[in-house]
Amino acid sequence: MSVFFMVLIALVLDAVFGEPDWLWDRYPHPATLMGRAVNWFDESLNKGTMRRIKGVITVFSLCVIGFVLGKIIQIIPDFGLLEILGAAVLLAHRSLIQHVEDVAEALRGGLTAGRDSVAMIVGRDSNRLDESGVARSAIESAAENFSDAVIAPAFWFLLLGLPGIVVYKIVNTADSMIGYQTEEYNEFGYAAAKLDDLMNWIPARLTAGLICLANWDSKAFDVVLRDADMHRSPNAGWPEAAMAGVLNVALSGPRSYHGTMTDDPFVNDTGKKTLGATDIEDAVAVLNRSWLLFVGVLAVVTVIGWLL
């Protein structure tokens, strides 16, 4: 079975079913299991001396475990069914859209509700955000996570099959848990953060191009080429710059973490800075068009493969 067809079906399954509560209320989600594994290594090794080396051992061990598990499932003679289901579970377009739409709905109910909702998807100090800050945070999260939760997992599945997507998700989970630049994780989380940057390097740039193409906006390409590298992250700036260009809004900029304001520059500084719930919904529409283009490309490649 074509790997392009498998990803295509997985994307459709994720879009239709998302994260069904009836299933994950009964059984732990694979991402939850990955989080438990990362936490076990964190509690066991993140102490004493040589923390950077211990962090390398942690990430290497997690990757080996993930690759082996993925490979075992891959070689089961089931015509690729378990691989497709596994990919569908590890892709997260529908849940991403739902979380971002929840912020827009909450913001319409008031600033406090908007802050509480956006706090579920971003790490900055949400209690210091105004309405534009809440909307900007949601839009940035939407753009960045479209790369992290949809395009990057699909990319690694296309490249290495189920082992590839499992390893990517484990690394991404580890980065989100221990990859922080804090005293506790500055050394132990170094390997997780750097490997996550490496594994997202190509997908982030593909995502930026996809967003620009799907929304047919040449000016967005100019914003990407001009501003993407201004972002503190080597990867997040690319989909965020594409989103900023398509919507003609200013993203990134100063924000507060743990009570400290950053001096980050705005991406697309000349774009609109007064944002609200409508802008969040516009961002969702951008992502849906980008998802449709991605699915369309996979479908075309699949059909060509069948014809050849």
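No value in this document is a laboratory result; all are computed from the given coordinates. Nothing here was measured: the structure is a model prediction, and the numbers come from that model. We place every Cβ from the backbone using ideal geometry, glycine too, and count neighbours over all the protein chains shown.
Before moving on, here are some points about what is shown:
- The chain: C-alpha pair distances exceeding 34 Å, %: 22
- Between segment 111-150 and segment 250-270, the alpha-carbon center distance in angstrom: 13
- Under 18 Å of direct C-alpha separation, and excluding same-chain neighbours fewer than eight residues apart, Lys194 reaches these lysines: Lys54, Lys169.
- Choice from Ser126, Ser218, Ser252 with maximal GNM fluctuation in the chain (Cα, 10 Å cutoff): Ser218
- Over the chain, DSSP H runs of length four or greater, each weighted -39,500 (n - 2.57), average out per residue to a 222 nm ellipticity of -23000 deg cm²/dmol.
- Taking a span of 18 Å or more along the helix axis (Cα atoms) and a mean Kyte-Doolittle hydropathy of at least 1.6 as the rule, the DSSP H helices of the chain that qualify are 3-17.
- Nearby lysines by direct alpha-carbon distance to Lys219 (threshold 28 angstrom, same-chain neighbours under 8 apart not counted): Lys272, Lys273
- Scanning the chain for GluC sites (Glu not before Pro) that sit in a DSSP loop and have at most 12 other Cβ atoms within 10 Å, the longest stretch containing none of them is 1-182.
- Exposure proxy shown here: for Leu111, Leu287, the number of other Cβ atoms within 10 Å sets the order, fewest to most, as Leu111, Leu287.
- Short-range pairs are left out: with C-alpha atoms under 8 Å and at least six residues apart, the relative contact order of segment 178-223 is 22 percent.
- Note on the chain: with a GNM built from Cα contacts shorter than 10 Å, the maximum mean-square fluctuation among Ser132, Ser117, Ser233 falls on Ser233.
- Put in line by how crowded their Cβ is, counting other Cβ atoms within 10 Å and starting with the fewest, Lys169, Lys71 read Lys71, Lys169.
- Relative contact order [Cα under 8 Å, 6+ residues apart], segment 200-279, whole percent: 27
- Relative contact order computed over the chain (Cα-Cα under 8 Å; 6+ residues apart), in percent: 22
- Here the Gaussian network model covers the chain, with springs between Cα atoms less than 10 Å apart; of Arg26, Arg51, Arg115, Arg26 fluctuates the most.
- Exposure proxy ranking, count of Cβ atoms within 10 Å, fewest first, for Phe146, Phe17, Phe41, Phe221: Phe17, Phe221, Phe41, Phe146
- Close amide H partners of Ala250, meaning residues 5 or more places away or on another chain with modelled amide H under 5 Å apart, are Gly271, Lys272, Lys273.
- The distance linking segment 13-81 with segment 193-213 is 21 Å (Cα centroid to Cα centroid, whole angstrom).
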